[in-house]
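Below you'll find the structure, written out as structure tokens, and then a few comments.
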Amino acid sequence: MPENTKRDDHRQAYYPPRARFIQVMPTPNDVYDNPLIGRYASPAMSERWGPMRKFRTWRRLWLALAEAQSELKLPTADGNSERIRPEQLGELRNHLDDINLNRAAEHEKRLRHDVMAHIATLKEVAPGCSDIIHLGATSCYVTDNADLILMRESLQQVCETVASVIDALGRFAATWKDEPTLGFTHFQPAQLTTVGKRACLWLFDLVLDLQELERRRDELPFRGAKGTTGTQASFLALFRGDHEKVKQLDRLVAQKMGFAHVVPVSGQTYTRKIDTQVIEALGGLAQSAHKWGTDLRLLAHRQEVDEPFEADQVGSSAMAYKRNPMRAERMCSLARYLMGLPAMAADTAATQWFERTLDDSACRRLYIPQAFLAADAVLRIALNLTNGLVVNRDVIARNVREYLPYMITENLMMAAVSVGGNRQEVHEVVRKHSHAVTDRIKKGEGTSAELLDRLKLDPAFAGVDFPGIIGPGASAFIGRSPEQVSEFLTECVEPIRKRYASVLGMKAELHV
């Protein structure tokens, strides 16, 4: 039998006919399903970036333009009457939502132009207003302005969710502000901190993210009615050279769509740098989530802090005993994807030619919605994690006891210096003794308690009050951690709680 025939037989054994050659329309289960929609993002964010919301927004933009032109008394060609009649606006208002996507797809296949396809679709159901739709506008009037509207709505949702994560993580920090735990530098035990103080490190990153996201939300401009290459020439012609009315039109359309200001200048599109700034803010959020998720994964390895684990949850298909930190791992994975998107937006902004080039279109359809969907997915996991973290106090206390003799040495050094010791000489004594004890522990010959016994016998520490320094226990070596937590929550978290009081307390149930 020829080798290629053997390969075909092998394929037939594994792949059904439809997978080899699709002869009928595939069902939804036959084609790729974006996991951001099917598995991770919230219904609200998924709907916002769906086709129906986009095209309904386009129709509202056409209505806003026509209304503004009518209010500014746009004249007919002969200048003797108003061009837009009230009944035309009424007809347009009656057809803002009845969008036939199949019909639009038929038009687009013929026209190869999505905006013209939807204009044709609208004209079919509202023929009486066909001559006022898109009047003086270019495609970017609807595409760019709609993107800005959806980005601002999405930024608001992201800000609200971040605030809710901050609120919940703040409560976690307050609960555990006094709980001593090992602090790490270079992932080696360093000095004691507290569980709550460490949470404030995660929190501060999120506070900074929220500040940047709020800035992007509040400063996001509207493209407005700028015409084909941003000169407003078409609108100037329609208004018979009246510059003031063209300026009013720009502002009025923006106001109707809820924006206080428009970009001062544009080409055919608004500058793609705006997209970059927004997506970089989302990427910054992803950085914080990834750092936090990584810390949680490391803490899970040490069995000090666990993420929620449900009664029937399976950690491994092979190793039944495992409790993998799958939520934190997924948060890191989605955050990593999101962190890669700002570079694509930056490439787009950098490679636009003059007033506009269309190579921005296809990639923006991907990375703008998916940046918000990924950010939403990350935040849903963050909410789920924050509201279910489990602190294993006994494990933490055991680890603290094991390393406490090392942690105490800094206080002992300061005490030795205060009674006349040389700081560098005392440091060298501690270094030699601690390394010697560590070597014995690694060989199974000793414990960390030997370090204090060694130092008590060393002349460099002859005048040090060991019982007075060691006596209070671990809580004496956490510095100002509890006070820092309280101060941070008061200064940084409480203002956020006040700003977002009406939306705090969000929960997120994960689908998978």
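Numerical summary
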item	result
Segment Asn80-Gln303, extension gain: residue separation times 0.36 nm, minus the distance between their alpha carbons	72.2 nm
Label zone at Arg171 (point 7 Å along Cα-to-Cβ), backbone N below 18 Å, segment 179-203	196-197, 199-200, 203
Selection from Leu213, Val419, Ile166, by position along the positive dipole direction of the chain (Cβ)	Leu213
With every protein chain in place, segment 94-228: carbon and sulfur % of accessible area (1.4 Å)	50
Across Lys73/Lys273; Lys197/Lys273; Lys54/Lys226; Lys226/Lys498, pairs whose alpha-carbon gap is larger than 30 Å	Lys73/Lys273; Lys197/Lys273; Lys226/Lys498
Percent RCO, i.e. relative contact order, over segment 403-491, from Cα pairs under 8 Å lying at least 6 residues apart	35
Heavy-atom accessible area ranking, 1.4 Å probe, most first, across Met319, Met257, Met331, Met52	Met319, Met52, Met257, Met331
Net charge of Cβ neighbours under 11 Å - reference Met45; Lys, Arg +1; Asp, Glu -1	0
Long-range tail of P(r) for segment 168-261 (Cα pairs > 17 Å, %)	69
Residue-span extension gain [His243 to Arg499] - 0.36 nm each, minus C-alpha spacing	88.1 nm
Accessible solvent surface per residue of the chain, calculated while the other protein chains remain in place, 1.4 angstrom probe, Å²	51
Extended-chain gain in nm, criterion 0.36 nm per residue less alpha-carbon gap, Ala44 and Thr231	63.7 nm
Kyte-Doolittle mean at least -0.5, axial Cα span of 24 Å or more - DSSP H helices of the chain	139-175, 195-219, 273-301, 361-386, 393-418
Length-normalised contact order for segment 19-147 - Cα pairs under 8 Å, 6+ apart - percent	26
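The values are calculated or read from the model by the stated rules, or taken from the named source; none is laboratory data. All of these numbers come straight from a predicted model, not from anything done at the bench. Here Cβ is always computed from backbone atoms with ideal geometry, including for glycine, and neighbour counts include all displayed protein chains. Areas reflect the complete protein model, heavy atoms only, side chains present, ligands, DNA and RNA absent. Shrake-Rupley method; radii C 1.70, N 1.55, O 1.52, S 1.80 Å.
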